[in-house]
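One structure is given below, encoded as structure tokens.
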Amino acid sequence: MPAQLIDGTALSKKIRSEVAVRAAALTARGVTPGLAVILVGEDPASAVYVRNKVKACQEHGLHSVFEKYDASLPEADLLARLHALNVDPAIHGILVQMPLPRHIDPHKVIETISTDKDVDGYSVRSAGDLMAGLPGFRPCTPYGCMKLIESTGVPLKGRHAVVIGRSNTVGKPMALLLLQANATVTVCHSATADIGAHTRQADVVVVAVGRRNTLTADMVKPGAIVVDVGMNRDDAGKLCGDVDFAAVRDVAGWITPVPGGVGPMTITMLLVNTLESAERAAGRA
Ligand code: NAP
């Protein structure tokens, strides 16, 4: 029997409608959740991501500010703008779209964003909060993956989870979130000798590499949950993930498609983080 699809579009829709209800309730109390999105330069993929984030805010009752700057923007000017947004009471989340032009240090930029508004969860402080199991913003993509796994109803406690990929924005926080959910976690990367030896024992596999067919059917334990974070193009130019979807779905118990899996959840969790930031700010006021 083929694996059950974990439908990220449907789950996204459900969570976004809950966000809209909570955003309306907060607005009625005089606080509209606000997200500032900054794009520097002309990267076409970044422009699409940014447009989708702003559109999602508008459609769910969040206030959004979109600022686009020329690729020549001096780093100091960007940092000054971030300092201003940090103290703007109408803004509860700040997102600077990566990658940035080479003359701008992304670490400096991320660390300039106030911890209270770091809705991407990329700062060292947010990473530390996650590591220590303290409340804080979780990076949107792994946070969305956790929601997708939870939606299967399969408890993670005591299960073996394998994460392929160890980036600071996806793989590492993913591993920490799984650990926090009481899974036993293995992290594989480009220097792992035999990835299949690990994944064949895994009840859950999350693949975040950026290379087609990283996970093939012979690497999957029957019935496993497979979450595909990857975004690639196949030979026909069609969007595809890191998983050999057609073959793996005959072995896995649950699988996310690409598109329609992790992608929509990333923006959804950005809305959730921004809303929760605004709720906290309203609570403090
Ligand atoms: P990244 O920063 O390039 O990290 C890729 C990771 O994969 C690295 O840890 C690397 O290992 C590992 N890797 C590379 N080749 C490998 C191999 N042959 N076997 C095992 N591991 C290998 O990428 P990322 O930002 O984490 O993103 C990963 C993918 O997810 C990309 O396709 C990206 O577009 C996609 N993505 C999707 C969303 C979404 O919303 N759907 C969001 C974020 C990212 P080393 O550390 O050893 O180099």
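Compute the signed sum of charges (Lys and Arg +1, Asp and Glu -1) over the other residues within less than 15 Å, Cβ to Cβ, of Asp70.
That sum, taken over residues with Cβ under 15 Å, equals -2.
Just Ile195, Ile113, Ile149 to compare: in a GNM of the chain, with alpha carbon springs under 10 Å, which one fluctuates most?
Ile195
Take the alpha carbon gyration tensor of the stretch 140-263, find the square roots of its eigenvalues, order them as a ≥ b ≥ c, and report rounded if a/c is under 1.5; if not, report prolate when a/b exceeds b/c, else oblate. Let's see the in-between values first.
On the way: a/c = 1.32, a/b = 1.29, b/c = 1.03.
Taking the square roots of the gyration eigenvalues as a ≥ b ≥ c, the stretch 140-263 is rounded.
Assuming a ≥ b ≥ c are the square roots of the Cα gyration tensor eigenvalues, decide whether the stretch 31-114 counts as rounded (a/c under 1.5), prolate (otherwise, with a/b larger than b/c) or oblate. Write out the running numbers ahead of the final one.
Values: a/c = 2.39, a/b = 1.27, b/c = 1.88.
Judged from the Cα gyration tensor, the stretch 31-114 comes out oblate (a/c at least 1.5, b/c at or above a/b).
May I ask you to evaluate 6.51 cos²θ - 1.76 cosθ + 1.60, the Karplus curve with θ = phi - 60°, for each residue of the stretch 31-42 and list the ³J(HN,Hα) values in order in whole Hz, giving x for glycine and proline?
Along the stretch 31-42, the couplings run 10, 8, x, x, 10, 9, 10, 10, 10, 10, x, 10 Hz.
Extending each Cα 7 Å along its Cβ direction at Ala20 and Met98, get the distance between those two points in nm, one decimal.
It works out to 3.2 nm between the two label points.
Given an 8 Å cut-off on Cα distances and at least 6 residues of separation, report the relative contact order of the stretch 31-114 as a percent. Display every interim value, and only then the final one.
Numbers: 116 pairs, mean separation 35.2, N = 84.
Dividing the mean separation by the residue count of the stretch 31-114 yields 42 percent.
Using 7 Å Cα-to-Cβ label points, what is the Ala197/Thr115 separation (nm, one decimal)?
So the label points at Ala197 and Thr115 sit 4.1 nm apart.
Show me, for the stretch 157-172, the HN-Hα J-couplings you get by feeding each phi into the Karplus relation (A = 6.51, B = -1.76, C = 1.60, θ = phi - 60°), rounded to Hz, glycine and proline as x.
3J(HN,Hα) across the stretch 157-172, in whole Hz: 4, x, 7, 9, 10, 10, 10, 9, x, 9, 5, 5, 8, 10, x, 5.
At 7 Å along Cα-to-Cβ for each site, give me the label-to-label distance between Gln58 and Arg29 in nm.
2.8
Using amide H atoms built 1.01 Å from N in the peptide plane, name the residues 5+ places from Cys188, or on other chains, whose amide H lies under 5 Å from its own.
Val163, Ile164, Gly165
How high is the FRET efficiency from Ala282 to Ala246, r the C-beta distance, R0 41 Å, rounded to 0.05?
Working: r = 48 Å, r/R0 = 1.16.
E between Ala282 and Ala246, to the nearest 0.05, is 0.30.
Determine the shape class of the stretch 217-285: with a ≥ b ≥ c the square roots of the Cα gyration tensor eigenvalues, call it rounded for a/c under 1.5, and otherwise prolate if a/b is greater than b/c, oblate otherwise. Please list the in-between numbers first.
Values: a/c = 5.12, a/b = 2.15, b/c = 2.38.
Oblate, because a/c is 1.5 or more while a/b does not exceed b/c.
Out of the total accessible area of the chain (probe 1.4 Å, heavy atoms of protein only), what percent is carbon and sulfur?
Numbers: 7410 of 13220 Å².
Summing carbon and sulfur atoms, their accessible area is 56 percent of the total for the chain.
Share of Cα-Cα pairs in the chain beyond 31 Å, in percent? Could you put the intermediate results ahead of the total?
Values: 11668 of 40470 pairs.
Percent of Cα pairs beyond 31 Å in the chain: 29.
How long is the gain from Lys157 to Asp235 if the chain were fully straight, where each residue apart is worth 0.36 nm and the alpha carbon distance is subtracted? The partial results should precede the final answer.
Values: separation 78, 0.36 × 78 = 28.08 nm, distance 3.92 nm.
Full extension of this stretch gives 24.2 nm more.
If each residue of separation counts as 0.36 nm, what is the full-extension length gain between Lys13 and Ala47 once their alpha-carbon separation is subtracted?
On the way: separation 34, 0.36 × 34 = 12.24 nm, distance 2.28 nm.
Here the answer is 10.0 nm.
Please give the peptides 200-209, 101-110 ranked by average Cβ packing (other Cβ atoms within 10 Å per residue), highest first, as a rough proxy for protection. Display every interim value, and only then the final one.
On the way: 200-209: 23.7, 101-110: 14.2.
Result, highest mean first: 200-209, 101-110.
When the chain is fully extended, how far beyond the present Cα-Cα distance does Lys68 get from Ala90, taking 0.36 nm per residue of separation?
Numbers: separation 22, 0.36 × 22 = 7.92 nm, distance 1.88 nm.
Fully extending the segment from Lys68 to Ala90 adds 6.0 nm.
The values are calculated or read from the model by the stated rules, or taken from the named source; none is laboratory data. Nothing here was measured: the structure is a model prediction, and the numbers come from that model. Cβ sites come from the backbone with ideal geometry, for glycine too, and all protein chains shown count toward neighbours. Ligands, DNA and RNA are excluded from the accessible area calculation, which covers all protein heavy atoms including side chains. Shrake-Rupley method; radii C 1.70, N 1.55, O 1.52, S 1.80 Å.
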